[in-house]
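S.K.: To start, I am sharing the structure in question, which I have written as structure tokens.
Please treat every number below as a calculation from the coordinates, not as lab data. Note that the coordinates shown come from a computational prediction; the quantities given were computed from them, not determined experimentally. Note: ideal-geometry Cβ built from the backbone for every residue, glycine included; neighbour counts use all protein chains shown.
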Amino acid sequence: MSVYEGNTGDPTTLLEQVTKVKDAFGIKNLVLVGDRGMITQKQIDSLKDIEGVDWISALKTGGIRELLHSGALQMGLFDERNLFELTHPDFPGERLIACRNPELAKMRAAKRQDLLLATTQELDKVKRMVEKGRLTGRDKIGVRVGRVINKYKMAKHLALVIDDGRFDYEIRQDQVAAEAALDGIYVIRTSLPKERISAEDAVRSYKS
């Protein structure tokens, strides 16, 4: 067991623990399973230099979107099955396993809709305050709007117009649609070959 100072990020402690586990227990072959915030690309580059260490992690949303735009990830394949493997030159020596969870997709869509509704209700209140002259000044309006945006984390889905005596907004439907397209989609990445772990077991290991 190791104890670190508060607010220490997982990626900064990972390699130290890998070395400690291998040395303390004499483990020759080790498989790390961690979320995409822990096993980052920087950590993966370092792990490649440690003999006997493999890993299972996942791509962040931006990485999934790049696979989609490049054509490597074909959404139509999910019509036939909820899991399939793919490759991409940006991930040499890795297996990428694309998965779709329909129930998770529904949950994320519902949550986004709830957050958007809560955000717009609050923004409508701010808009009425500005229209009635109870809130003026671009800076003051911006601060009030910022509170709402920061509370619900929906800034990327909104286009804002803020002037000294005016506030307006609209939902960026294109951005909402782009995010919704990836609801329930995640891509597992691993250095383990098929001989050591199946695609299904790699997904189960990550989810557990």
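S.K.: Go through the range 110-153 and count every residue that is under 26 Å from residue 68 (Cβ atoms) and loosely packed, with under 15 Cβ neighbours inside 10 Å.
M.R.: 5
S.K.: I've got another one for you. Which condition breaks for residue 103 when tested against (1) closer than 24 Å to residue 204 by Cα; (2) surrounded by 15 or more Cβ atoms within 10 Å (Cβ to Cβ)?
M.R.: Among (1) closer than 24 Å to residue 204 by Cα; (2) surrounded by 15 or more Cβ atoms within 10 Å (Cβ to Cβ), the lone unmet condition for residue 103 is (2).
S.K.: Can you find a residue in the range 142-149 that is basic (Lys, Arg) and more than 26 Å from the chain's Cα centre (by Cα)?
M.R.: So in the range 142-149, the residues basic (Lys, Arg) come out as 144, 147.
Subset that is more than 26 Å from the chain's Cα centre (by Cα): 144.
Yes; the residues of the range 142-149 include at least one that is basic (Lys, Arg) and more than 26 Å from the chain's Cα centre (by Cα).
S.K.: Mind telling me which of the residues 45, 90, 114, 79 ends up being closer than 30 Å to residue 26 by Cβ and without any contact (Cβ under 8 Å) to a residue 60 or more places away in the chain?
M.R.: 45
Yes or no, residue by residue, for (1) of a type in the set (Val, Ile, Thr); (2) part of a loop (DSSP other than H, G, I, E, B); (3) more than 17 Å from residue 62 (Cα to Cα); (4) out of contact with any Ser or Thr (no Cβ under 9 Å at 6 or more places or on another chain):
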{"residue": "151", "(1), (2), (3), (4)": "no, no, yes, no"}
{"residue": "160", "(1), (2), (3), (4)": "no, no, yes, yes"}
{"residue": "169", "(1), (2), (3), (4)": "no, no, yes, no"}
{"residue": "178", "(1), (2), (3), (4)": "no, no, no, yes"}
{"residue": "182", "(1), (2), (3), (4)": "no, yes, no, no"}
{"residue": "187", "(1), (2), (3), (4)": "yes, no, no, yes"}
{"residue": "196", "(1), (2), (3), (4)": "no, yes, yes, yes"}
{"residue": "206", "(1), (2), (3), (4)": "no, no, yes, no"}
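S.K.: Hey, another quick one. Can you name the condition, by its number, that residue 156 falls short on among (1) over 19 Å from residue 61 (Cβ atoms); (2) in a helix (DSSP H, G or I); (3) charged (D, E, K, R)?
M.R.: Going through (1) over 19 Å from residue 61 (Cβ atoms); (2) in a helix (DSSP H, G or I); (3) charged (D, E, K, R) one by one, residue 156 breaks only (1).
S.K.: Does residue 3 fit the bill of being touching an Asp or Glu at 6+ places or on another chain (Cβ under 6 Å) and over 30 Å from residue 177 (Cα atoms)?
M.R.: Values: touching an Asp or Glu at 6+ places or on another chain (Cβ under 6 Å): no; over 30 Å from residue 177 (Cα atoms): yes.
So residue 3 fails the test.
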